[in-house]
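Working notes, structure below.
Any read-out appearing in this document is the output of simple, stated calculations on the displayed coordinates, not a laboratory observation. Keep in mind that what you see is a predicted model, and the values were worked out from it rather than measured. All Cβ positions, even for glycine, are placed from backbone atoms using ideal geometry, and neighbour counts span all protein chains on display.
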Amino acid sequence: MRIAVFGGLGTVASEFIVHAMAAGHFVSWFLRDQDQLADEDLETNPQYTSVLRIVRGATSDISKYQETLRDTTAAFVAFDAQHTPAHHWAYQQKM
């Protein structure tokens, strides 16, 4: 399976990504430019390229979301509701 992951620097998403890659699934992971990975090796080690693609960009750049979703069959969306502003995840109707 090819899985697109949006966000996910927390425990649940990190565990999901680790288990998905260990099971041989390909993960396409969208991160913001300023997000810092605990394991920097994930972005630089060529051994991960067969199971991991990291796409970085601004949350306002729709092309980065499209790039993350390219050739995937499932999506996993992870965010911390307590620390994520509502306008990042909730539909807002403009009056």
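Here are the numbers:
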{"quantity": "³J(HN,Hα), Karplus 6.51/-1.76/1.60, whole Hz, each residue of the range 4-16, x for Gly, Pro", "calculated": "8, 10, 10, x, x, 8, x, 5, 4, 5, 4, 4, 4"}
{"quantity": "Share of pairwise Cα separations in the range 2-88, more than 22 Å, in percent", "calculated": "19 percent"}
{"quantity": "Residue order, fewest to most beta carbons within 10 Å, for 68, 49", "calculated": "49, 68"}
{"quantity": "Test item: Cα-centred dipole of the range 2-88, Lys/Arg +1 and Asp/Glu -1 on Cβ, debye", "calculated": "300 debye"}
{"quantity": "Long-range HN-HN contacts of residue 53 with modeled amide H, under 5 Å", "calculated": "27, 28, 29"}
